[in-house]
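Below is one structure, written out as structure tokens; comments come after it.
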Amino acid sequence: MTPETDVEEAIRRYAPPAPLVPAAVAMVTGIVLGRYAPLPIGIWATMAIAAFLTAAITLRREHLRILTIAAIAASVIFASATWSSLSYRRIPENHIVTFSGKGSVLATIRGRVVSAPRRRKAQTPYWQPDRTSFGLEADAIRSRNGEWLETTGTVRVKINEPVWDLSAGRQVELIGSLRRPGSPGNPGQYDWRESDRYKGILVSFSVPCADGVTTLAEAGENPLSGLWRRARMTARRHLNGCGAEDDTVLLEALVLGERSPALRELNQIMVEAGIAHFLSISGLHLGIFLGFIYWLCRLLTFSPRRSAWVVLIILTGYVLLAEPRAPLLRSAIMASAICIAVISNRSVSTRNALAAAAIILLVIDPMQIFRAGFQLSFGIVAGILVLNKPIRQLLFGRWLRTRGLVVFRDEHRIRRWFYYSGADSFIAMVCVSLSAYISALPLVAYHFGRFCPYAPALSILLLPMLVAVLVPAYVSMTLAFLMPNLAVLIGSLAAASAGAMRQLVMLTRHLPGLSIDLFAVPAWCVAGFYLAMGLWIVSSKSRLILSSAIVATVGLAASIVVTQLPATPPVNGRLHILDVAHGNMTLLHAPDGKTYLFDAGTLAPIDAYNQILRPFLRAKRLPSPTAVFISHANIDHYNALVSLLDRRPPKRVYLNEYFGLREEAAPDVRKLLDEFRKRDVQIVRLRAGQKVSLTGKTTVEILWPPTDIPELDVNNCSLVLRVGCGGKNAIIPGDIGEPAETYLAKLLPEKIQSDVLILPHHGSAAPTLKTFIEAVNPEILVQSSSYRPAPAELLKAIDERKRYATFRDGWIGLTLSRDKLNIETMRGK
């Protein structure tokens, strides 16, 4: 027997039915180890070489079969760990991040635009021009003496104005600020720094205006890129002319993957409902497209092999036209494997094809495994492959076994079609939807903190509508050059279907319990879920496996219940000052377990509720606020309440006597008051001298504004609150200035003495600031603001060691104990 025959025999004997599946699992294991295990790259590489040599030596020895298999697995794991560690930790010496520092660095850089520029509206409470963002592959940076230094690395560029003459491939010169992404300021907040790190982006570059961008030259555009860009622009123009703007915007997103800012509200509703995957091009869209092409080829009497060739060619063009996202690439690789199998007249394993797609994508970029989109894409498809048959058997097995006993006459063809073909399609939709839902459930809970009970039913409703959108759209684009009038007519059908789909999605926001917030789910719960699911799938093979499945399920259920219990109420209360940049957001966790919110707003371009408060409540396992105190009618103290009202309205809101009642009140303030009334939120007006009892141990004294000082500006109308809890007191003064500080320091010195003072007006300088701080005599001061130098008056009035600032320390947690204040911060002091 020849050595080649020995190898073939060993592979035939030892290889599993889907040999790429264990290889993919080993590769994923190695990538995770390389990311989190703190071993030098050289050790990983040495172990990979040793394992490979061991496998090569023992491959032909029958008695060392187990050792051979273990060595092969180890070589894949250690090689993957080496590649992962290299991708995550190794940085070239001339990488652009080496030119950055702790703060912003003024710089001039040159490079090539590598992603299509996107223009988005700034999410700020005041008007700002649209912003432009794109990725830049840096190749040079100017030194202090004017010399250009060679550099490398991808940069995330943001321009604070719209730039209309930019496109991918252009060489540009930028003037602005270079900085490293900061860590999240609050518990539970999304870590953009880590997310960018997984994409190979280590720095960002901010350009203040369009004049800071200079186009140097058009990059030599290769014919394929030019064809891709022109075809995409032609497709967009055609789809734009097929219907109303609201409908065609959604049509572009479904067909081409173009995300318009106009879809922001629709996208948010679909995320809440658990059906956001319909809005992004994924395997579902590609499957509908390729299935339609294959059916059309068969209708034209093409053979299966020739039809597969047509599908493969069109698939290549489609991938070049659409955005290259992980779900699309995964689906394209699987579809290509199936087409090649049909062309070569071989059987194909869908599990092998899925594993091959994972291996190819992870070889290109191993850090993809840590992105939610990649995990959901492969997790859902794997779940469909594994769960579809058991669910079909469980729900419809008995009916399917008895269906063959029913006989139809020739005149009952329609009824027979519904009974067989129609029923099969419906059963397939139900089983696929349930399989996808179950397999995605733990990942959605882990990454997004949501449970979406309507997702399976909505998926079944939306799937036929998606087919009604995509198929006419594909036909319309195909006929656009040959028969333009007919193409527009068919395209209008696609746009109308997209409009109906949009209306249905908008109606879902009125469903009770559309999205149920979950507290933070640990990663081991996700792993336990998939372990229990796997045990149930193979539980019929032995009683031991069945018993293990039952034990794993009971243990997992108990663990999930424990993780979803609210945090234990503090004995004396706990005060949380959240980092919202320029704004205020303070949350009190009272001894009765309820939470109370004091101001909630920011001038930063973010959704302060969904991006800060909601993730914080989830991470700390805290309930939604029972009541809200708004100090005054400045937007950086209340704009987060709009989203809070949409999600979980509080029972009561406390306002000063001037809030929204003056003639000069802003429209946003009046709109907020209307929302309070619409949501049946009780509005309570407060003035100096009143006291609100939140619990037996927690009270709020109102120190300002009095009723005998009529002429006050908006800031000096702020409620000044003295929150008492656990024997400690905290002053929350809003944005008061000189008149209020003078009045409180001179006339009420005994009432304003407190242990904690949140600095008035975000720590702004005022002539009376020192006197006011001395009157309060706090143990610590808290400054809630974006970065700003401490004013001289503040530095003269305090010991700097007493000052905590959200821009520096992030979230600040204060445990209100009678003996002492326990202080915890996000970044440490």
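The values are calculated or read from the model by the stated rules, or taken from the named source; none is laboratory data. None of these values were measured; they are calculated from a predicted model. Note that each Cβ is placed from the backbone with ideal geometry, even for glycine, and that neighbours are counted across all protein chains shown. Calculation scope for accessible area: heavy atoms of the full protein, side chains included, ligands and nucleic acids excluded. Shrake-Rupley method; radii C 1.70, N 1.55, O 1.52, S 1.80 Å.
Could you point to the residue in Ala455, Pro484, His576 farthest towards the positive end of the chain's charge dipole, with +1 and -1 charges on the Cβ of Lys/Arg and Asp/Glu respectively?
Farthest towards the positive end: Ala455.
Taking a ≥ b ≥ c as the square roots of the Cα gyration tensor eigenvalues, with a/c under 1.5 meaning rounded and otherwise prolate when a/b beats b/c, else oblate, which class fits segment 471-529?
Cα axes put segment 471-529 in the oblate bin.
Rounded to the nearest 20 Debye, what is the dipole magnitude of the chain about its Cα centre when Lys and Arg each give +1 and Asp and Glu each give -1 at the C-beta?
Here the chain has a charge dipole of around 2560 debye.
Can you list the HN-Hα couplings for segment 643-648, worked out from phi with the Karplus curve (6.51, -1.76, 1.60; θ = phi - 60°), rounded to whole Hz and with x for Gly and Pro?
3J(HN,Hα) across segment 643-648, in whole Hz: 6, 4, 5, 5, 8, 9.
Ordered by residue, what ³J(HN,Hα) values in Hz, to whole numbers, does segment 512-528 give under the Karplus form 6.51 cos²θ - 1.76 cosθ + 1.60, where θ = phi - 60° and Gly and Pro are x?
Whole-Hz 3J(HN,Hα) from phi for segment 512-528: x, x, 4, 9, 9, 5, 10, 6, 4, 9, x, 4, 5, 5, 5, 5, x.
Going by the alpha-carbon gyration tensor, a ≥ b ≥ c the square roots of its eigenvalues, is segment 586-729 rounded (a/c under 1.5) or, if a/c is not under 1.5, prolate (a/b greater than b/c) versus oblate?
Oblate, because a/c is 1.5 or more while a/b does not exceed b/c.
Based on DSSP loop calls and a cut-off of at most 10 other Cβ atoms within 10 Å, the longest stretch of the chain free of exposed GluC sites (Glu not before Pro) is what?
Formally, the longest exposed-site-free interval is 148-662.
Scan segment 683-758 for trypsin sites (Lys or Arg not before Pro) in coil per DSSP, keeping those whose Cβ has at most 15 other Cβ atoms within 10 Å, and list them by number.
Here the sparse-neighbourhood loop sites are Arg687.
If I model a spin label at Ser540 and Leu106 as a point 7 Å from the Cα along the Cα→Cβ vector, what separation in nanometres do I get?
Once both label points are built, they end up 7.3 nm from each other.
Using a Förster distance of 56 Å, how high is the FRET efficiency between Glu774 and Glu147, based on the Cβ-Cβ distance and rounded to 0.05?
Once the sixth-power term is evaluated, E becomes 0.55.
Suppose R0 equals 60 Å; then what is the FRET efficiency for Asp410 and Ala210 from their Cβ-Cβ distance, rounded to the nearest 0.05?
Efficiency at R0 = 60 Å is approximately 0.25.
Tell me the mean residue ellipticity at 222 nm calculated for the chain from its helices only (DSSP H runs of n ≥ 4, each -39500 (n - 2.57), averaged over every residue, nearest 500).
Value at 222 nm, helices only: -15500 deg cm²/dmol.
With P(r) over Cα pairs in 10 Å bins from 0, in percent defined as stated, name the option among (i) 2, 10, 18, 21, 20, 15, 8, 4, 1, 0, 0; (ii) 2, 10, 17, 19, 17, 14, 11, 7, 2, 0, 0; (iii) 2, 9, 13, 12, 10, 9, 8, 7, 6, 6, 5, 4, 4, 3, 2, 1, 0, 0 computed from the structure displayed.
Evaluating P(r) over Cα pairs in 10 Å bins from 0, in percent on these atoms matches (i).
Step through the table entries Lys102/Lys770; Lys651/Lys671; Lys651/Lys728; Lys594/Lys678; Lys121/Lys651; Lys594/Lys697, compare each Cα-Cα distance with 21 Å, and write down the pairs that go over it.
Lys102/Lys770; Lys651/Lys728; Lys594/Lys678; Lys121/Lys651
With label points built 7 Å along Cα→Cβ from the Cα atoms of Ser115 and Ala244, find their separation and express it in nm.
That separation, rounded to one decimal, is 3.3 nm.
Using a simple charge model, +1 on the beta-carbon of Lys and Arg, -1 on the beta-carbon of Asp and Glu, nothing else, what dipole does segment 324-442 show about its Cα centre, in debye to the nearest 20?
Here segment 324-442 has a charge dipole of around 360 debye.
Just check segment 393-495 against the gyration tensor rule for me: Cα atoms, a ≥ b ≥ c as the square roots of the eigenvalues, rounded for a/c under 1.5, and otherwise prolate or oblate depending on whether a/b exceeds b/c.
oblate
Quote to one decimal, in nm, the extra length available between Arg325 and Asp668 on full extension: 0.36 nm per residue of separation minus the C-alpha distance between them.
This chain segment gains 119.6 nm when fully extended.
Picking from Val163, Leu757, Ser307, whose Cα lies most toward the positive end of the charge dipole for the chain (charges on Cβ: Lys, Arg +1; Asp, Glu -1)?
Among Val163, Leu757, Ser307, the one farthest towards the positive end of the dipole of the chain is Ser307.
About the Cα centre of segment 526-659, what is the dipole size in debye to 20, counting +1 per Lys and Arg Cβ and -1 per Asp and Glu Cβ, all else neutral?
700
Out of the total accessible area of the chain (probe 1.4 Å, heavy atoms of protein only), what percent is carbon and sulfur?
60
7 Å from Cα along Cα→Cβ at both Trp309 and Ala423: what's the point-to-point distance in nm?
4.0
Considering the dipole of the chain built from charges on the beta carbon (Lys and Arg +1, Asp and Glu -1) around the Cα centre, which of Leu712, Gly274, Pro129 is farthest to its positive end?
Working it through, the farthest residue towards the positive pole turns out to be Gly274.
Please work out how much length the chain gains when fully extended from Tyr36 to Val554, using 0.36 nm per residue of separation minus the C-alpha to C-alpha distance, in nm with one decimal.
The Tyr36-Val554 span can extend by a further 183.5 nm.
Please give the residues of segment 256-270, grouped as numeric ranges, whose backbone N is less than 16 Å from a label point set 7 Å along the Cα-to-Cβ vector of Arg371.
It comes to 257-259, nothing else.
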